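Down below is the structure, laid out as structure tokens.
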Amino acid sequence: MGVALPIVENLITGLIMGSFYALMAVGLTLIFGVMRIVNFAHGEFYMLGGYILYYLVTLLGINNFVALPIVMGAMFVFGMAVERSLLRPIITEGLGHEYSIIITFGISLFLVNFAIAFFGPEYKTPPPYIPTYRVALGPISISGDRLLVATLAAVILVLTYLVIAKTKIGLAMRATAQNKEGAMLCGMDVYKVSMFTMGLASALAGASGALLSTILLLEPQAGLIPAIKSYVVIALGGMGSIAGAVVGSVILGIIESLGTVLISAAYRDAYSFLVLILVLLIRPEGLFGIRVREV
Amino acid sequence: MFRQPLSPKGFLTLLAIVALLSLPFIIRHEYWIYVLTIGFYYAILASTWNVMAGYLGRVSFAHAAFAAIGAYASALSVLHLKVHPVLGMAIGTVTGAVFSFFIGYLSLRLRGVYFTLSTLAFAEIFRIIVTVEYEYTRGSLGLETEHLIVTMSYIPYYYVALALLLGTVFSTYLILNSAFGLKIMAVGNSEEAAEAIGIDSAKVKVVTFLYVSALTSLAGAFYGHFIGLVSPEVGAFDQLALIIAMTVVGGMGTLPGPVIGALLLEFFSEYLREFGIFRLLIFAGLIIVTVRFFRRGLYGTLKERLISVGGSP
């Protein structure tokens, strides 16, 4: 019992963390699936989402639950604008992955330093969704706001799934992910699909920031660690696979939480790297991935 | 690309070298000698990053981390093994090469973006280790280390840095113009096509990454013994951002581009020191605008313009 209880507690923490990683990772994997690029500014979309929530709640006095959809809407528009202005040449000129990596890195750097210059480098704490209290599950107690925020994340994930599985634009996204040329031949507007994908992914990252920053702290570089973890998650789950992103997130969340109790807490953020090495060694295409040959 | 008649190009190169060699006699101000020395350090890092991103087509996010690996390996061996900084720098170089071999071997077999992700994760774990293991590294306070040369002036360092830079640029020039250089560019253009004509692309990528990382670690080790302090800052994200901005603005995929970009942005950076926090914001803007609208950078764009004015292709 002495060891078992913290392990169970940490398993639950791992599951909760996993649901946040999933919000980020699903967006990343959608972008990768549809546009074949990795968005290195994803962490900064998270950070922006956190700041928008913070200012909506503290300056305008809007309730967190009302502010969350506003954050997602704003980030949706922002993501579409980024695609239209900066990522479009990837499709129109067929540029290689160096372009997409460097331009999204530039966007990331710009947003971090924009936040430092205009929001200030100090830590901010957005007010929680509900007052902190502990929920007792038998002998284990977990904090109620974490549980609520994880539930909200799960709801957003289910809604996202419905958009992709049941709507016309979701169908176009899946078609584009499978075969871009084929989708174009069938009359799908690949530009519009890319723009929508970027908007959706950016809204998800923003939601993740708006949720998680009430638990963790908010600062201009707050997005870096969640972003690195979601890169590991999509490599683990298989790039472009939505199921992989969700399962990978949960696995990473659990590995980290167990590593914290069983090995060392100081290296909490480093376990993801070990996971990445193992994935690269054992199954480079990821859990749900298929080996893709690029021509 | 390098097959044009040597005369104007060779002449300009020679002129630039003579100018750099004689600068300490012209600029009598120690401060600017210091700025130039730091500029040379960045020029080495930008030139080597450019070999990966501009020629091999692989973007490394661990470039600053490799400079830090070289710096720490050298500083720690000088501290504990009591070796001379020169030997320390050699140890730093070898350490960087060993690390790069493992990372390259693991991730370069896969598609391009896996390599970038691996380097990002590696850079981050390196930063965490250095910060957490403060008994050995003194954490974010930084590790004090011996100076390479006992001198009151920056001029000896200036020449060491210049020698390292010229060595880097010329060895890169020789490699890119060799058969191996053609393989690098073939893999950079299309890995599938390169494989199809019998190039062992995995080997080309691993060897190139090893070469690049060894030189980067050497530069980092030099930087540590120049400043006299090695801190996690050497491998920080900001440093990586600077290196990328310098390469992209100067001209990615060209040999002089990164050097020009590094010296230009280092001066700009000193000039902007009073603007502090806006410095990186401006550099990020430069990266975005250059990559989006002037993909060949300053050098590439100028060269294109000059050629089109001259009328010869």
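A short reminder: the numbers here are calculations on the coordinates, not readings from a lab. Please read these numbers as outputs of a predicted model, since none were measured by experiment. A quick note on method: Cβ atoms are made from the backbone with ideal geometry, for glycine too, and the neighbour counts reach across all protein chains shown.
Couple of notes before you dig in:
- Scattering profile of the protein assembly as shown at q = 0.06, 0.09, 0.11 Å⁻¹ [log10 I(q)/I(0), Debye over alpha-carbon scatterers]: -0.32, -0.73, -1.09
- Between B:Ala236 and B:His29, the contour length at 0.36 nm per residue exceeds the Cα-Cα span by 71.6 nm.
- 23 Å Cα-Cα reach of B:Lys205 towards lysines, excluding residues that sit fewer than 8 places from it in its own chain: B:Lys183
- Residue range of chain A that is longest and free of trypsin sites (Lys or Arg not before Pro) which are both DSSP loop and sparsely packed (at most 12 other C-beta within 10 Å): A:1-290
- If you run the Gaussian network model on chain A, springs between alpha carbon atoms under 10 Å, then out of A:Gly237, A:Gly27, A:Gly94 the most flexible one is A:Gly94.
- For the pair region A:81-143 and region B:249-313, the centres of their Cα atoms are 27 angstrom apart.
- A Förster radius of 56 Å, combined with the Cβ-Cβ distance separating B:Ser178 from A:Tyr55, puts the computed FRET efficiency at roughly 0.50.
- Coordinate range along principal axes, alpha carbons of region A:139-247, Å, largest first: 57, 30, 23
- Contact order, relative form, for chain B: 30 percent (alpha carbon pairs under 8 Å, 6 or more residues apart, mean separation divided by residue count).
- Per-residue average of Cβ from other chains inside 10 Å of B:67-78: 0
- FRET efficiency, 1/(1 + (r/R0)^6) with R0 35 Å, evaluated for B:Tyr134 and B:Tyr271 via beta carbons: 0.50
- Under 16 Å from the Cα of A:Lys229 - lysines, other chains or at least 8 residues apart: none
- Classification of region B:23-73 by its C-alpha gyration tensor yields an oblate form. The axis ratio a/c (a ≥ b ≥ c) is 1.5 or more, and b/c is at least a/b.
- Using only Cα coordinates, the Kirkwood hydrodynamic radius of region B:103-216 works out to 17.3 Å.
- Our summary gives chain A a relative contact order of 37 percent, counting only alpha carbon pairs under 8 angstrom and 6 or more residues apart.
- Taking the Cα centre of region A:50-137 as origin and assigning +1 to Lys and Arg Cβ atoms and -1 to Asp and Glu Cβ atoms, the resulting dipole is close to 280 debye.
- For region A:4-282, size of Cβ-based charge dipole, Lys and Arg +1, Asp and Glu -1, in debye: 500 debye
- Taken one residue at a time, the phi angles of region B:124-130 give Karplus couplings (6.51, -1.76, 1.60, θ = phi - 60°) of 5, 5, 4, 4, 5, 4, 4 Hz. Gly and Pro are set to x.
- Counting Cβ atoms of other protein chains within 10 Å of each residue's Cβ and taking the mean over peptide B:122-134 gives 3.
- Spin-label pair A:Asn179-B:Asp200: with each label point 7 Å from Cα along the Cα-Cβ axis, the two points sit 3.7 nm from one another.
- Approximate spin-label separation B:Ser190-A:Leu281, in nm, with each point projected 7 Å along Cα-to-Cβ: 3.6 nm
- Multiplying the residue separation of A:Val66 and A:Tyr191 by 0.36 nm and removing their Cα-Cα distance gives an extension gain of 41.9 nm.
- Kirkwood Rh (inverse of mean 1/r, distinct Cα pairs), chain A, angstrom: 19.5 Å
- When the Cα positions of B:Ala236, B:Ala214, B:Val187 are compared along the charge dipole of region B:178-249, B:Ala214 comes out farthest toward the positive end, with charges on each C-beta of Lys, Arg, Asp and Glu.
- Anisotropy class of region B:32-310 from Cα gyration tensor, a/c 1.5 cut: oblate
- Counted charge near B:Ser213, where neighbours are those whose Cβ lies closer than 13 Å (Asp, Glu -1; Lys, Arg +1): +2
- For the peptide A:112-121, the mean number of other protein chain Cβ atoms found within 10 angstrom of a residue's Cβ is 4.
- Prolate/oblate/rounded call for region B:117-175, Cα gyration tensor, a/c under 1.5 rounded: oblate
- For B:Glu304 and B:Val83, the difference between the fully extended length at 0.36 nm per residue and the C-alpha to C-alpha distance is 74.6 nm.
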